[in-house]
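Worksheet: the structure to be examined is printed underneath.
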Amino acid sequence: MNVLRRPSGLSKFRFYSTQTTRPFVPPASLNHFDFRQRQREKPRPTSPAFYTARPEFYDQLSSLESALQHAKTALTSCHLLPLPQFAREALPPRVNAWVDKRELGLKLRSTLTTSRYRRVVLVLNELETYRAIAEKAGIAELQEGIRGITELFERADAATMLARGKAKPVKFDEYGRSYTLGKRKTSSARVWIVPVQQPPADKSTASQSIPAATETDTALTALLDPISSSKSNEPVSVSQILVNNTPLSTYFPIPADRARVIHPIKLAGLLGAYNIFAIVRGGGTSGQSGAVAHGIAKGLAAHEPAVATILRKAKLLRRDPRMVERKKPGLAKARKRYAWVKR
């Protein structure tokens, strides 16, 4: 019996050989890709801020910072930076009218938070400072370049908004008189300031010299009490303050009110140099004296520009914004309550 003969029942099955002519290749290695080449084939982002949450905002911010850096480099090459502190203080005050947060967000096509808005405004303010330095130095090309960038972020009504806060210049008539308007609480004062016409010097009294302190004290006494000063024989320049056609000492019997009116004149060192006439309406004595003092300070700053800085630092050229608080219902005054009575 042949044991190697294939059984008759197994004729329909096919036998495969386990030996192969080629070695086994895993399926994962069939795709021969170079991963570095695959990464190079990716499209590059259009901007470095592509993967941030707000690419438009950071693109604009980076362009502004780049312009700021170029302006700084140009000024440094011209030996204009770093600028000393006294030179920075001598620059004209920066007054800008940038767009608000909502409008800037529409321009940048992104919703801005307060911190991001302040970040953009800080860069714009620094650019405006560099523009002022270039303007003073006469670098017209750099000035126009910075101006072309900053005007994109200004309000449409910037000129109207900036002109709203400016004080109107004081006008003088043909006689050298100035007219100003002062306000305090509910009082308003119209003030006319006239320079004192010095009388011709007498030859007999020209040789006699009077100390400066004595002249100042005499002028102050003449303003506060013109009746007693008229009895003195000392040569004093004729100057007076009339409020509603009444002398100052008569119209304001309280010394504090008179001192408030005289304060701008004493601070400027112009006692006896001007005649002052005021028409005041509304309020009480405190408000009226403050209104007259406000009008006098504005007039003196117009007549003597050198003392304008002193008056401005003393906050005499600014209208006092404080007002009387309104009365509340159920209370005796603004905050005072009625006395509790047991019934």
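A few notes on this one:
- Residues located in region 155-194, provided they are closer than 30 Å to Ser63 by Cβ and at pLDDT 90 or above: none
- Only one entry in Glu141, Glu65 is assigned to a helix (DSSP H, G or I), charged (D, E, K, R) and closer than 30 Å to Thr46 by Cβ, namely Glu65.
- Here Glu128 fulfils each of the conditions (1) surrounded by 14 or more Cβ atoms within 10 Å (Cβ to Cβ); (2) over 17 Å from the mean Cα position of the chain (by Cα); (3) of a type in the set (D, E, K, R) apart from (2).
- Residue that is farthest from Ala159 (Cα to Cα) [pool: residues in region 91-108 that are open to solvent by 80 Å² or more (accessible area, probe 1.4 Å), part of a loop (DSSP other than H, G, I, E, B) and not aliphatic (A, V, I, L, M)]: Pro93
- For region 241-258, the tally of residues that are exposed (fewer than 12 other Cβ atoms within 10 Å of the Cβ) and under 17 Å from Val194 (Cβ atoms) stands at 1.
- Flag if Ile296 is under 19 Å from Asn245 (Cα atoms) and touching a residue at least 24 places away in the same chain (Cβ under 8 Å): yes
- Thr111 vs. criteria open to solvent by 70 Å² or more (accessible area, probe 1.4 Å), assigned to a loop (DSSP other than H, G, I, E, B), farther than 19 Å from Met161 by Cβ and of a type outside the set (A, V, I, L, M): yes
- Unique residue being open to solvent by less than 90 Å² (accessible area, probe 1.4 Å), in contact (Cβ under 8 Å) with a residue 40 or more places away in the chain and part of a loop (DSSP other than H, G, I, E, B) when the list is Leu311, Leu316: Leu316
The values are calculated or read from the model by the stated rules, or taken from the named source; none is laboratory data. What you are looking at is a predicted structure, and each value in this text was computed from that prediction instead of being measured. FYI the Cβ positions are ideal-geometry reconstructions off the backbone, even for glycines, and counts take in every protein chain you see. Keep in mind that these areas ignore ligands, DNA and RNA; they rest on the heavy atoms of the full protein, side chains included. Shrake-Rupley method; radii C 1.70, N 1.55, O 1.52, S 1.80 Å.
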